[in-house]
Amino acid sequence: MSNMKQQGLLVAVVVAALWSALALGSCVASVDEQKEPDFSNAGYVCELSTLQVYYHNVAQAFQAPNGMFFGVGDIGYKKMWFEYSGIVEVGIDVSKVNISQPDASNVVTVTLPQAEIMDVVIVQGSLGDPVMETGWFTNITTEEKTEALGEAQNSMEEAAEQDESIKFQARERARDMLESYVVNVGDLLGEEYTISWVDV
C-alpha cells in the first residue's frame, strides 16, 4: 500500500473514531437510563466546522510633505508598506445552536444561525520587513507601524464580512457536520433520525 493510501486510510479512521467518540460520549449515559439522546457535544462539532480563510494583505501608511528643506528635500514626507498573511475564521455562534429531542417520528429539529466572522489573526512569521521612504527630519514610529497594521486588519475583516460565499461555505460545513453528528447519535441508540432545520 502506498504512503498516500496509508495516510488517507489513517485520516479516515481518525475521523470515524472522533465522530464515534463524540456521539458515544453524548449518549452512553442515556442508554442506561431512558435511552434519550444527549446532544451536548454539538458545540464541539460547531467549533470543528469553523472555516479558516487565508488572505494576503498589505499594510501601508502615507503622509504628504509639508515643506521643503532649502529646496533640496521634502520635510514630513513618509511612506511605508509591508506584506503579511492573515487568517479570517468564519463559523457558527454555538450559543445560538439548538438541537431538540426527537419527536414521535424521530425528527430532530436543529436551529442553525447564519455564519459570521469569528476572528481575524496574523499568520506567525508572515510579517515582511517594511519598505519605507521618508523626507528630511522625518521618521516612521512604532505607533504608526502598529496603526497601519490595525487598519489593514480592519480592511481584511470588512472584505471578509462582505464575502457571502465564505459565510455560505462555513454554514454548509457546520450543517453537514451537525447532521452527521445527530445521525451518529441515533445509530448508537439503534434509532434512525431525520433532521428538520430552522434558520435563524
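The values are calculated or read from the model by the stated rules, or taken from the named source; none is laboratory data. Since this is a predicted model, take the numbers as computed values, not measurements. Glycine gets a Cβ as well: all are built from the backbone with ideal geometry, and neighbour counts include every protein chain shown. What goes into the accessible areas is simple: the full protein's heavy atoms, side chains included, and nothing from ligands, DNA or RNA. Shrake-Rupley method; radii C 1.70, N 1.55, O 1.52, S 1.80 Å.
Does Ala64 satisfy being over 35 Å from the mean Cα position of the chain (by Cα), at pLDDT 85 or above and among the hydrophobic types (A, V, I, L, M, F, W, C)?
Values: over 35 Å from the mean Cα position of the chain (by Cα): yes; at pLDDT 85 or above: no; among the hydrophobic types (A, V, I, L, M, F, W, C): yes.
Considered against the rule, which asks whether it is over 35 Å from the mean Cα position of the chain (by Cα), at pLDDT 85 or above and among the hydrophobic types (A, V, I, L, M, F, W, C), Ala64 comes out as no.
Restricted to segment 20-61, and to residues that are in contact with a Phe, Trp or Tyr (Cβ under 7 Å, 6 or more places away or on another chain) and assigned to a strand (DSSP E or B), which residue is modelled with the lowest pLDDT?
By that ranking, first place goes to Gln60.
One line per residue, one yes/no per condition, for (1) among the acidic types (Asp, Glu); (2) open to solvent by 40 Å² or more (accessible area, probe 1.4 Å); (3) under 29 Å from Asn41 (Cβ atoms); (4) without any contact (Cβ under 8 Å) to a residue 40 or more places away in the chain:
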{"residue": "Glu133", "(1), (2), (3), (4)": "yes, yes, no, no"}
{"residue": "Ala170", "(1), (2), (3), (4)": "no, no, yes, no"}
{"residue": "Glu191", "(1), (2), (3), (4)": "yes, yes, yes, no"}
{"residue": "Val200", "(1), (2), (3), (4)": "no, yes, yes, no"}
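How about segment 105-200: which strands (runs of 3 or more DSSP E) wholly inside it have at least 2 residues that are modelled with pLDDT under 95?
Values: elements: 107-112, 116-122, 131-134, 194-199.
Where strands (runs of 3 or more DSSP E) fall fully within segment 105-200 and carry at least 2 residues being modelled with pLDDT under 95, they are 116-122, 131-134.
Looking at this structure, is Ala104 of a type in the set (Gly, Ala, Ser) and surrounded by 13 or more Cβ atoms within 10 Å (Cβ to Cβ)?
Numbers: of a type in the set (Gly, Ala, Ser): yes; surrounded by 13 or more Cβ atoms within 10 Å (Cβ to Cβ): no.
Answer is no for this residue.
Check segment 70-79 and report whether any residue there is modelled with pLDDT of 80 or more and open to solvent by 60 Å² or more (accessible area, probe 1.4 Å).
yes
Please count how many residues of segment 79-112 are of a type in the set (Asp, Glu) and over 28 Å from Glu36 (Cα atoms).
In the first step, residues of segment 79-112 are kept if they are of a type in the set (Asp, Glu); the result is 83, 89, 93, 103.
If we keep only those that are over 28 Å from Glu36 (Cα atoms) as well, we get 83, 89.
Residues in segment 79-112 being of a type in the set (Asp, Glu) and over 28 Å from Glu36 (Cα atoms): 2 in total.
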